[in-house]
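Notes follow once the structure below has been shown.
The values are calculated or read from the model by the stated rules, or taken from the named source; none is laboratory data. A quick note: this is a predicted structure, and the numbers were derived from the prediction, not measured. Cβ placement follows ideal geometry from the backbone for every residue including glycine, while neighbour counts extend to all protein chains displayed. For the accessible areas, the whole protein counts, side chains as well, though only heavy atoms, and no ligand, DNA or RNA atoms are used. Shrake-Rupley method; radii C 1.70, N 1.55, O 1.52, S 1.80 Å.
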Amino acid sequence: MSKNSLGRELPETWRGRTLRPYRDPFSAQPEGPRVARPIRRVNPGDNKLLGSLREAIEASGLRDGMTIGAHHHLRNGDLVLNSVVKEIAALGLRDIGIASSSVHPVHEALIPYIRDGVISHIECGVNGQISRMVSTGQLDVPIITRTHGGRGRAMMCGDLKVDVAFVGAPTCDEYGNICASKGPSACGVVGYSHSDADYADCVIAITDNLVPYPAFPISIPQTKVDYVVKIDSLGNPAKIVSTTTRITTDPIGLQIAKYAATVIELSGLLRNGFSFQTGAGGASLAVAANVRDLMRKQAITGSFGAGGITGYFVEMLEEGLLEALFDVQSFDLKAVASVGRNPAHIEMSADMYANPFNAGCVVNRLDCVVLGAREIDVNFNVNVNTESDGTLNGNTGGHADTAAGAKLAIVVAPSIRARLPIVRDEVTTISTPGETIDAIVTERGVALNSKYQALAPDLRRRGVPVKSIIELRDEIYGITGAPRPIEFTDKIVGLVEYRDGTITDVIRQVKG
Amino acid sequence: MLHPRLRRSLLYVPGNMPSMLQNIPIFPSDVCIIDLEDAVPRTEKDAARLLSRRFIEGYTQRNKELYVRINGLDTPYFRDDLAQILPAMPDGIRLPKCEHPSHLRRIDDLLTEFEEYLGCEIGRFKIIASVESAQGILNVNETARASERLVALGFSAEDYTANLQIDRPKTGEHLVVPRQLLLMACRAAGIQAIDTVWADASDQEGFRRECEHIKVLGFDGKSLINPRQIDVLHDVMAPKPEEIDYALQVVDAIRGAREQGTGVVSLGGKMIDAPVVARAVRVLLSAKSLGLVDTDIDERVIYGDADA
């Protein structure tokens, strides 16, 4: 066992992998060239359209022990991964790894295949029943959670080898041009699959909307796609994107949003050229609403909005408050409609979004990001991976990536959720290191990390209660009491990998 | 004489809901009123008293005035309300259905008894009373002068319209007379006037219009049922830049006069009397709460040793 710089105990190795402890956000250096996928040749007249998923799996050369890629753009409406694994099992293959960009509750259909040994490991964050069962020892499948940028990096560096990528393609032609903004399962963009298309040995586009050549606008081009398969349905459209994403009406959420917007206003970053990202949660959108009002009032034109894009950001683009949107994942129908027709609404790969080891990713250009949290500790470390009972339930997503990149990383959270203190002595799991978080905003006050301490007097003058993180914790504990520690066994069921491949934390099996 | 304390926003919080009570320190209203009356069903009166008492006892870092709306004097509950709540030391009591000056005198006597029993200063517990009926409006001039503890009168349009057997349109033309009468009585008695709640929390536009209306009429504040209404109300009540400028000049003048040891204050050759000072202080407190001025206002320096 050794400790990383966050004080977390890590084994030297885990399941044959040597673990590199997290040290700091920026010093880990890559070595060597990036990996390459095999060169191929497709001649005039060659056919890429295959008759079934089974044919495609056979053509891909997938064998026991290999790893498949997928994306989570269809979110909890996704039927692709379940269909693919079902066919893999029917072909008698075993010991397959899943390297999707996220696994959702809908994928609990995979549980029997995990039990039978068809699926042997998962290389992404997991939500829902699978993660709960793994955390409580009812299911044995190792899980490595990665950030969105970290997934791209891992594939680029060869840490994550995807043998066959199955890319859900909302619209596709027979030659493999994938268009994500059209079709019954339109999800806007497929930003998480670009790295699969670049690095997987074989890329299969799976579509329920096969159109005459050429399909466009092109998300992933024909040059990277080996085979095309048509199936009946990629997913349940009602669960793929939200019809609308809404701003919270909860007074506590609105109070938090007001404080967060004041931090942004006084940070000095809110000026022409301002760049901005928020999550799609109601409170994050309320921050965006406040910032939008400030931009209108002060006649500020921002440069870009980034990340998962909502209709809210589309409205800001169309109103001229932002010059462009970088979209890695479209969250609602408005975003899907916009990306297909507005050239200033740009599809962005996860690599371009957040990979720390390319020649410069978009998060490095962010002025401000507003993030959520399950728990926050007194060192500003944030947990987004595990629940209050210690079970894994979630992907790090772009959390750690944007926190590292943005000049001002704000975490917004209610101080108490269902009797539990959100600011506490220790978080269950460190997903995002505190040294990359600049401000914690709760309805009880704002805690500033070292970089922005100087804002305190101005914030107080504007009626924002600025407190030390210790004062904030004490105030909250005064209401909730200190939580009893969760008991874990020594068994490590998952890793929390930072964007540079070092390990911020491990996930242990919950006792009981 | 009108005290300069800001009472723009008086937010009701149900006394039987711990999840709401715990947020009282967070809401940016000038006053919170824990409600033991209409918001609390009969079967939960005792639990609400205990919860509210515990909350008030633990709320040591007071950042706003805290009142408790007790049940009416015509109910069997108000004595237990007082007995449970007053030992926790709220700033005062909001008395509902105050239709006659005798109601105020009765509650005043009871508060004095409690103050003697608790060993605290007589007059410590303030009263904001609500006028809720036609008879109450007709008596309002006497009611406004019935107790030294009375810092404000509130108007309750819901009960008033029920009493008059009329609807309550959102436009408010049917409330012109009671509002004006209550306001004049308050001004004549030197206390503050608080307007009725706006019941439709989802209609923020309508709420804003009503706030603008009551600001023109001259109300000092408004009772609120939803925290989302606070910012809108404060925004409407925000002083204009020229009002702030004038208030700053008044405060400078009075500071200067105090430094020179003279009680006579003049600005630009004109005498400044106490109500003008009080108004200037309120303008600056309001401006400061909205971050429009930096000036710290020490009420005692400017205004002498006023309480209330």
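Here are some notes:
- Around the Cα centre of the protein assembly as shown, unit charges on the Cβ atoms of Lys, Arg, Asp and Glu (plus for the first two, minus for the last two) sum to a dipole of about 660 debye.
- For segment A:36-112, a Kirkwood hydrodynamic radius built from all Cα pairs, placed in the Stokes-Einstein relation at 20 °C and 1.002 mPa s, yields a translational diffusion coefficient of 152 µm²/s.
- Residues in segment A:27-57 reached by a label modelled at A:Y213 [backbone nitrogen below 14 Å; 7 Å Cα→Cβ]: A:42-50
- Between B:E113 and A:R94, the modelled labels are 8.6 nm apart [label points 7 Å from Cα along Cα→Cβ].
- Reach of B:K240 by Cα under 19 Å, taken over aspartates and glutamates that are not fewer than 8 positions away in the same chain: B:E210, B:E212, B:D220, B:D231, B:D252, B:D294, B:D296
- Environment charge at A:L294 (Cβ cut-off 13 Å; Lys +1, Arg +1, Asp -1, Glu -1): +4
- Estimated from the Cβ-Cβ distance and a Förster radius of 56 angstrom, the FRET efficiency linking B:V264 and A:E426 is about 0.30.
- Each Lys and Arg adds +1 at its Cβ and each Asp and Glu adds -1 at its Cβ; summed about the Cα centre, segment A:272-352 shows a dipole of about 220 debye.
- Per residue, chain B reaches -13500 deg cm²/dmol at 222 nm when only DSSP H runs of four or more residues are counted, each adding -39500 (n - 2.57).
- In the context of the full set of protein chains, residues of chain A present 37 Å² of accessible surface per residue (probe radius 1.4 Å, heavy atoms only).
- Listed residue (A:I469, A:C179, A:Q298) projecting farthest to the positive dipole end of the protein assembly as shown, Cβ model: A:C179
- Computed over the Cα atoms of segment B:162-205, the ratio of the radius of gyration to the Kirkwood radius (Rg/Rh) comes to 1.03.
- Amide hydrogen neighbours beyond the local backbone of A:T278, cut-off 5 Å, H modeled: A:A306, A:V370
- Here B:S266 sits with roughly 70 square angstrom of accessible surface, probe radius 1.4 Å.
- Cross-link reach is defined here as a Cα-Cα straight distance under 17 Å, omitting same-chain residues fewer than 8 places apart; for A:K239 the lysines meeting it are A:K182, A:K334.
- Simple point charges give the picture: +1 on the Cβ of Lys and Arg, -1 on the Cβ of Asp and Glu, and for segment B:95-180 a dipole about the Cα centre of about 260 debye.
- With kT/(6 pi eta Rh) evaluated at 20 °C and eta = 1.002 mPa s, and Rh the Kirkwood radius from Cα pairs, the protein assembly as shown diffuses with a coefficient of 72 µm²/s according to Stokes-Einstein.
- Semi-axes of the equivalent ellipsoid of segment B:147-249 are 23, 19, 12 Å, computed as sqrt(5λ) over the eigenvalues of the C-alpha gyration tensor in descending order.
- A:L6 - accessible surface, heavy atoms, 1.4 Å probe, Å² rounded to 10: 30
- Percent of alpha-carbon pairs separated by more than 21 Å within segment B:9-237: 53
- Computed over the alpha-carbon atoms, segment B:241-303 gives an Rg to Rh ratio of 0.95, Rh here being the Kirkwood radius from the mean inverse distance.
- Förster-model FRET efficiency, 35 Å R0, B:R62 and B:I166, C-beta, rounded to 0.05: 0.30
- Annotation: amide H-H contacts under 5 Å for A:S102 (H modelled 1.01 Å from N, sequence separation of 5 or more, or interchain): A:H72.
- Placing R0 at 60 angstrom, the Cβ-Cβ distance between A:R54 and A:L294 gives a FRET efficiency of 0.60 after rounding to 0.05.
- Near B:R94, the amide H atoms lying under 5 Å from its own belong to B:V68, B:R69, B:I70, B:I128; only residues 5 or more places off or on other chains count, and H is placed 1.01 Å from N.
- Rounded to the nearest 100, the interface formed by chains A and B buries 1100 square angstrom of accessible surface, both chains summed, with a 1.4 Å probe.
- Too-long pairs where the Cα-Cα distance tops 22 Å, listed order kept, from A:K161/A:K230; A:K258/B:K288; B:K170/B:K215: A:K161/A:K230
- Cut-off 12 Å between beta-carbons: net charge of the residues surrounding A:P21, Lys and Arg +1, Asp and Glu -1: -2
- Estimated 222 nm signal from helices in chain A, with DSSP H stretches of n ≥ 4 weighted -39500 (n - 2.57), rounded to 500: -7000 deg cm²/dmol
- Candidate cross-link partners of A:K3 among the lysines, defined by an alpha-carbon separation under 25 Å and a same-chain spacing of 8 or more, comprise A:K491, A:K511.
- Note on A:A359 and B:H174: their simple-model spin labels are 7.3 nm apart, each label 7 Å out from Cα toward Cβ.
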